[in-house]
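Okay, structure first, notes after.
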Amino acid sequence: MSVVTAGVMVLDCAEPEKLAVFYKEFMEAEETDATANRVEIRSPDGTRLAFRRDVNATPPSWPRPENSLQAHLEFIVTDLDAAERRIVSLGGRPVDTKDSAGPSEERGYSDPAGHSFTLRRTLPTAPKQG
């Protein structure tokens with residue numbers, strides 16, 4: 001029997017209420033728990049994120065190497081352009097939107113508190129021949 005019953009990615013930030021709204025709107029999630037220092041949300045697919053108050057939180061500097069990635073989220077989307085428009089309308093910003101080669105397309109963003117995340121769209125592949 002597993003000791004762990006669930007996993008939650010927790011991001012430290014100065015204003016957990018505001019950051020929770022960004023992700024709640026972007027992921028079409030619901031708030032499942034809130035205290036004075038922590039807000040947790042769950043998306044329809046079961047992804048759980050929490051935002052913990054840290055008044056001394058400093059945003060990661062990604063893509064610069066100093067104080068780089070502290071955590072990195074990745075979201076699978078069907079339409080990169082539509083997702084980008086939604087992110088920007090909610091206060092996020094693009095940090096790496098160049099076209100990537102390979103079996104998937106990716107774009108990098110940061111949320112309003114500076115945490116980095118990636119949108120990824122997997123391209124359909126042709127059926128295996130022979």
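Scanning region 3-35 for residues that are over 20 Å from Asn56 (Cβ atoms) and hydroxyl-bearing (Ser, Thr, Tyr) yields Thr5, Tyr23, Thr32.
A single member of Ala36, Ala14 is at pLDDT 85 or above, over 27 Å from Arg121 (Cβ atoms), open to solvent by 60 Å² or more (accessible area, probe 1.4 Å) and of a type in the set (Gly, Ala, Ser), and it is Ala36.
So in region 39-48, with the set limited to residues that are part of a loop (DSSP other than H, G, I, E, B) and touching a residue at least 12 places away in the same chain (Cβ under 8 Å), which one is most open to solvent (accessible area, probe 1.4 Å)? So, considering only residues that are part of a loop (DSSP other than H, G, I, E, B) and touching a residue at least 12 places away in the same chain (Cβ under 8 Å), the one most open to solvent (accessible area, probe 1.4 Å) is Pro44. All conditions but one from (1) among the hydrophobic types (A, V, I, L, M, F, W, C); (2) modelled with pLDDT of 85 or more; (3) in contact with a strand residue (DSSP E or B) (Cβ under 6 Å, 6 or more places away or on another chain) apply to Leu90; the one that does not is (3). In a strand (DSSP E or B), open to solvent by 80 Å² or more (accessible area, probe 1.4 Å) and either closer than 22 Å to Ala6 by Cα or at pLDDT below 95 (or both): is that true of Glu31 in this structure? In short, yes. In region 60-72 there is at least one residue that is among the charged types (D, E, K, R) and modelled with pLDDT under 95. Among the residues here, Phe75 does not qualify as in contact with a Leu (Cβ under 7 Å, 6 or more places away or on another chain) and modelled with pLDDT of 95 or more.
The values are calculated or read from the model by the stated rules, or taken from the named source; none is laboratory data. If you're wondering where the values come from, they're calculated on a predicted model, not measured in any experiment. Positions of Cβ are generated from backbone atoms using ideal geometry, with glycine treated the same way; all protein chains shown enter the neighbour counts. Side chains are part of the model used for accessible areas, which takes the heavy atoms of the whole protein and leaves out ligands, DNA and RNA. Shrake-Rupley method; radii C 1.70, N 1.55, O 1.52, S 1.80 Å.
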